[in-house]
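Below you'll find the structure I mean.
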Amino acid sequence: MTEYDVIVCGGGPSGSTTAFYAAKAGMKVLLIDKSKFPRDKACGGLLTARLFDELPELEPYIKPIIECPSNDVNLYSPSMKYKIDFEFPEGTPWNITREVFDNAVLEAARDVGAEIMTQTRVSDFEFNGGVTVKTSKGDFKSKMVIGATGPNDKLASMVREKRNIKPWSDSQMGTALMWEPKVDKEFIDKNYSDKRSLLVHFKPGGIEGYGWVFPKKDILNIGFGGYNRTIKSIKIKEIWEDYINLLKKDGYFPKDQEIPPVKGAPLPLDGPIKATTMDNTLLVGDSAGMVSPLSGEGIYYGMHAGKIAIDTIKKALETGDYSQKHLDQYHRDWNKVFGKELRDLSFFALMALKLPERMVYYGSHDDKLCEIFADLFLGVTPGGLGKRKPITRSIFNFFRHPYFLRFFSS
């Protein structure tokens, strides 16, 4: 049986990035995924410039497959009475399609020496002085294993059991529902301009979440997402049709085009889990809950975690120490880089989801607060803005632009 230094379970951006940097560091790496690539995933498909700041080695593989930049965003309140219109500074978000993007990162890992095994299901793990990964194509032995298959990751379940962490509940999990219909490029040019303006609608159909339209070259990435506690109680088809009809009414979707179908994916929205390691094991990306609780964006966090993990894996290989205690350095490392940011976003998500009308109202009256909201939502600034800034600014606006007075000024 061939023995690897690292086996990565999951070929999405987080897993492929981990495999890329591990192979680049000279490790013998096997990446396993159940799907045939290229494959799609329900996602808005936005990248921010800080991805390239932190992962410059992947830029040559990713830049060529970017669809287009988006230069501004329009965020609408639930009533549609108020709107935040924010133009991005340098470091605009970049639009990609996940089918092309995920395949590009997977191929980057292959290019630097990782062995790639797709259409292969992982069934179990045995820890026996290393790790034996049992799959539909046989057993594979490794010193380290990386869990990167998403919210239902079997390795993550094992880490939870070992570290006494409860599974996510419907109050902590969400669902993203979307489709990418192809439309006439002239329609996008006319209605979204060369800025490829992003649209965000808070609480479409009353769900606890938001709807979006992210225009690409000739594709509209349309979707909505929210917590399962409300998603499970709605008629998804009706909300989807209502949202498309709203876009048609406002000129953002062709009136004569049929309503596209919808597909979904689970999304952890409670922030990272409290432990992301056990003996011989690390978790990255959605498997570890590394997702913005405000926007649902997880590409940057998962990919960055994959790079951060390499230092800990290197030291484990050098010392032969694969114990949980030793590997916990990885947990401390990623937590130091973006843990506070995700905790701040979790706090702010509560405010945004409970009071979206007020949030957009205040943002529409205050350029600085508008910038903070847009930045928190789309993650333009690395390192997080800290929760005191939006809260302090909101309190300031409470007195400067009293929300209740709007009823007497109309």
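The values are calculated or read from the model by the stated rules, or taken from the named source; none is laboratory data. The shown structure was predicted, so the numbers you read here are calculated from the model rather than taken from an experiment. FYI the Cβ positions are ideal-geometry reconstructions off the backbone, even for glycines, and counts take in every protein chain you see. The accessibility values were calculated without ligands, DNA or RNA, using every heavy atom of the protein model including side chains. Shrake-Rupley method; radii C 1.70, N 1.55, O 1.52, S 1.80 Å.
How large is ³J(HN,Hα), in whole Hz, for each residue of the stretch 34-47 in order, when computed from phi with the Karplus curve 6.51 cos²θ - 1.76 cosθ + 1.60 and θ = phi - 60°, using x for Gly and Pro?
3J(HN,Hα) across the stretch 34-47, in whole Hz: 6, 8, 8, 9, x, 9, 9, 8, 5, 5, x, x, 10, 10.
Once neighbouring chains are kept in place and the probe is 1.4 Å, which whole percent of the accessible area of the stretch 65-213 is contributed by carbon and sulfur?
44 percent
Could you list which residues have their amide H under 5 Å from that of G44, counting only those 5 or more apart in sequence or on another chain, with H placed in the peptide plane?
When sequence neighbours closer than 5 places are left aside, there are no close amide H contacts.
For the stretch 48-65, just list the computed ³J(HN,Hα) in residue order, Karplus coefficients 6.51, -1.76 and 1.60, θ = phi - 60°, integers in Hz, with x standing in for Gly and Pro.
Result, rounded to whole Hz: 10, 4, 5, 4, 6, 4, 8, 10, x, 5, 8, 4, x, 8, 8, 3, x, 9.
In the neighborhood of G174, defined by Cβ-to-Cβ distances under 10 Å, what is the net charge if each Lys or Arg adds +1 and each Asp or Glu adds -1?
That works out to -2.
Tell me which residues come under 5 Å, amide H to amide H, from A176 once H is placed; ignore anything under 5 positions away on its chain.
Result for A176 returns A265, L267.
Pop out the carbon and sulfur fraction of the accessible area of the stretch 235-312 as a percent, whole number, probe 1.4 Å.
It is 50 percent, rounded to a whole number.
Something else now. Where does each of 119-129, 170-180 land if you order them by average Cβ count within 10 Å, highest first?
Averaged packing, sorted descending, gives the order 170-180, 119-129.
Using θ = phi - 60° and the Karplus curve 6.51 cos²θ - 1.76 cosθ + 1.60, what whole-Hz ³J(HN,Hα) does each residue of the stretch 123-139 get, with Gly and Pro shown as x?
Along the stretch 123-139, the couplings run 9, 6, 10, 10, 9, 8, x, x, 9, 9, 9, 8, 9, 5, 10, x, 9 Hz.
Along the charge dipole of the stretch 60-119, Cβ charges K/R +1 and D/E -1, which of F88, C68, I116 sits furthest on the positive end?
So the residue furthest toward the plus end is F88.
Under a point spin-label approximation (7 Å from Cα along Cα-to-Cβ), what is the K249-E99 distance to one decimal in nm?
3.2 nm
Something else: What is the angle, in °, between the Cα long axis of helix 367-378 and the longest principal axis of the Cα atoms in the chain? Nearest 10 is fine, range 0 to 90.
The two axes meet at around 40 degrees.
Solvent-accessible area per residue for the stretch 62-130 at a 1.4 Å probe radius, Å²?
Ligands and nucleic acids excluded, the figure is 45 Å² per residue.
Report the one residue of S157, M351, S14 whose Cα lies farthest in the direction of the positive end of the charge dipole of the chain (charges on C-beta: Lys and Arg +1, Asp and Glu -1; origin at the Cα centre).
In the chain, that residue is M351.
Amide H neighbours of L283 under 5 Å, counting only residues 5+ apart in sequence or on other chains, H built in-plane at 1.01 Å?
Excluding prolines and chain starts, which carry no amide H, the hits are G147.
Rounded to the nearest 0.05, what FRET efficiency is calculated for E241 and S323 with R0 set to 35 Å and r the Cβ-Cβ distance?
The computed FRET efficiency comes out at 0.05.
So, one more: How much mean residue ellipticity at 222 nm does the chain get from its helices, if each DSSP H run of length 4 or more adds -39500 (n - 2.57) and you divide by all residues, to the nearest 500 deg cm²/dmol?
That comes out to -11500 deg cm²/dmol.
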